[in-house]
Structures are given as structure tokens and as C-alpha cells.
1. Rounded to the nearest 0.05, what FRET efficiency is calculated for GLU81 and ASN45 with R0 set to 25 Å and r the Cβ-Cβ distance?
2. Taking every pair of alpha-carbon atoms in region 63-158, give the share separated by more than 22 Å as a whole percent.
3. Set Lys and Arg Cβ to +1 and Asp and Glu Cβ to -1, take the dipole of the chain about its Cα centre, and tell me which of ASN133, VAL16, HIS46 lies farthest positive.
4. Considering only DSSP beta bridges where both residues belong to the chain, give the percentage that are antiparallel (nearest 5).
5. Amide H of VAL141: which non-local residues (sequence gap of 5 or more, or other chain) have their own amide H closer than 5 Å, using H built in the peptide plane?
6. Taking a ≥ b ≥ c as the square roots of the Cα gyration tensor eigenvalues, with a/c under 1.5 meaning rounded and otherwise prolate when a/b beats b/c, else oblate, which class fits region 152-250?
7. How big is the chain in terms of Cα radius of gyration and Dmax, in angstroms?
8. Once Rh is set to the Kirkwood radius over Cα pairs, what Stokes-Einstein translational diffusion coefficient, in µm²/s, holds for region 103-144 at a temperature of 20 °C and a viscosity of 1.002 mPa s?
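What follows is calculated from the coordinates using simple rules that are stated; it is not laboratory data. Here the structure is a predicted model, which means the values were calculated and not measured. Using ideal geometry, Cβ is built from the backbone for each residue, glycine included, and neighbour counts are taken over all protein chains shown.
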Amino acid sequence: MGRAHVITIASEKGGVGKTTLAVNLAIYLKALREELPVTIFSFDNHFSVDRMFRIGGAAPGGDVSHLFTTQPPGDLARLGEYGVHFIPSVGALDPVLLGVRGVENLAQGLAGSGLEGFIVIDTRPVLDIFTQNALFAADQVIIPVKDLPSLEPAADVYAFFDYYRLPRQRLRVLPSLIDLRIRYPGPLRNPFELLRAYAIKCGYRCFDGFISKSPKVESLNTNPQGKIYPLLIHGRGTEVHLQYASLARQVIRRAFPPDSGPASEKASPGPEEGADRTGPPSFRPPDSAG
């Protein structure tokens with residue numbers, strides 16, 4: 001892998017498990033491909049990524065804001081727990097102060113950062129300029145959805161890709177926090193089958209499988225110690241562990257397709273046939289998004 005392969009986790013709905021998905025996916029990717037660096041960072045300001053991966057209490061020398069400079073510091077990514085590198089979060093990101101005016105700024109910063117292997121980006125639950133930059137830089141986008149209301153905003157991500165003539169093949173919907181105890185009469189028997197059917201009806205591609213709602217996972221994120229514990233270590237033997245392992249393998253297969261290199265898709269961006277190139281009213285280009 002000559003350059004970094006970027007995986008963006010994006011949803012305009014909160015509470016769909018974005019950050020839990022991002023941090024655990026990074027750990028599973030590192031476990032399955034130990035020879036490749038894995039780096040994670042977040043544009044949200046809850047510092048969950050930092051709490052998961054930081055070793056010791058040393059103050060970091062840089063943060064995610066430095067990704068928007070033309071030549072980010074070479075030591076921006078810090079080696080963290082579980083062999084995963086992380087770029088420290090920051091409490092406030094001001095696009096005006098950072099000079100972020102277009103959607104390509106992050107891609108340019110990542111290109112100048114020297115980062116290799118996999119990069120996992122956790123985004124905010126809004127399609128702001130930072131999320132747009134993360135989408136534009138992505139080789140793969142994972143859109144977690146837990147119900148029909150959280151599936152609806154996926155249209156905005158697809159509209160963004162169409163507007164900038166990016167390949168829709170990079171996008172995948174992932175049913176997440178699925179409770180299979182909920183049963184429906186008829187052919188769509190549970191929330192996973194319902195969400196998958198609606199996503200396919202909308203023309204969206206889906207990952208194989210889903211991520212279950214799990215009290216075990218919730219307990220790893222909420223505890224008196226204030227730490228976040230990885231599922232790979234503390235959730236072995238659970239269905240969710242197997243689901244994350246399957247998801248990570250699918251991500252790796254897409255990064256290393258059998259008939260082409262991981263950068264081949266990104267080298268020739270263009271809309272799929274029939275794509276709306278002007279964007280629907282719900283999408284605003286970044287110069288008006290604020």
C-alpha cells in the first residue's frame with residue numbers, strides 16, 4: 001500500500017455508534033494486518049479516541065487541526081494502545097481560523113503528512129465542512145444506520161458524492177445497533193432485514209451483515225474508570241466480536257481488491273451513470289455551508 005487508505009465513518013444522526021465503530025474497527029484492522037500502520041482521529045470534540053488510545057498523560061505536541069496545513073508535522077500521529085496510532089483531538093475547530101475553504105484541504109494535508117497504511121476518520125453528526133473534507137478524502141465511507149430515520153440522511157452523503165463526481169462505489173451502509181429481538185410479521189422479519197431492504201431500494205450498497213446492539217459493548221464504553229475498552233480484548237466470544245471481525249475483513253478486501261491496487265478507484269473519480277450532478281436542495285456546497 002503506497003499511500004494511506006482512508007476510511008471515513010459518517011452519519012448526520014447521533015447515537016448510531018459512529019465512534020464505537022471507528023475505534024473498534026481501527027483495532028481490528030491492526031490485529032488482522034499487523035504489518036500495516038493504522039491511524040485514527042476524530043473531528044468530534046468528545047475525546048473518546050484520545051481516551052481509548054493515549055498511553056500515559058503526556059501532553060500532545062499537535063492535534064487534528066494541523067492536518068489542514070500544507071505540511072503537517074511528521075510526528076503528528078502518536079503511537080497508542082493496541083499498536084494503533086492516533087492524532088489527538090481538539091476542543092474546537094474553526095474553519096475560518098484554519099483557512100478551510102474547500103473540501104480538498106484534508107486530502108492535501110493527509111498527502112503531505114507521510115501517513116501510510118489505514119486511516120480511520122470519525123466525523124461529527126453533521127455534514128459540515130470537516131465532515132465534507134473527510135468524505136472527499138475517503139477511499140471508503142461507512143454509513144452506520146440503526147433505524148429508518150437514521151437511514152434518511154444517507155441521501156445527503158450520496159448527494160455530496162454526486163455533486164463532486166466521486167464514485168458511489170466507495171459508499172457502504174452498515175446496519176448498526178441492531179436488536180434482533182424485535183420481530184416483524186411478513187417477509188422482513190427483523191430490523192436488519194428491514195433496513196437492508198430499504199437501503200437497497202434507495203440504490204445504496206450495504207456491507208454483508210450488521211453490528212448488533214449489545215449490553216456488553218455498552219459496558220465497555222461506560223464504566224466508573226471513565227475508560228473505553230476494546231471489544232477485541234474484552235468481548236471475545238460474543239456475536240459482536242465476530243461481526244466486527246467480518247466487517248474489518250470486508251474493509252481489507254475492498255482496500256486490496258484482487259484485480260487492482262487500492263488507489264485505482266481514486267485515480268479516476270467520476271459519477272455513476274445517472275447521478276445528479278447538481279446536487280439536491282438538501283446539499284449545500286462548502287462555501288455556503290459555514
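1. According to the calculation, E is roughly 0.75.
2. Tail fraction, whole percent: 32.
3. Comparing the listed Cα positions along the dipole, VAL16 ranks first.
4. Taking every DSSP beta bridge with both residues in the chain, the antiparallel ones total about 10 percent.
5. Distant-sequence amide H within range of VAL141: THR8, LEU171, ARG172.
6. In terms of gyration-tensor shape, oblate.
7. According to the Cα coordinates of the chain, Rg and Dmax are 18.3, 57 Å.
8. 197
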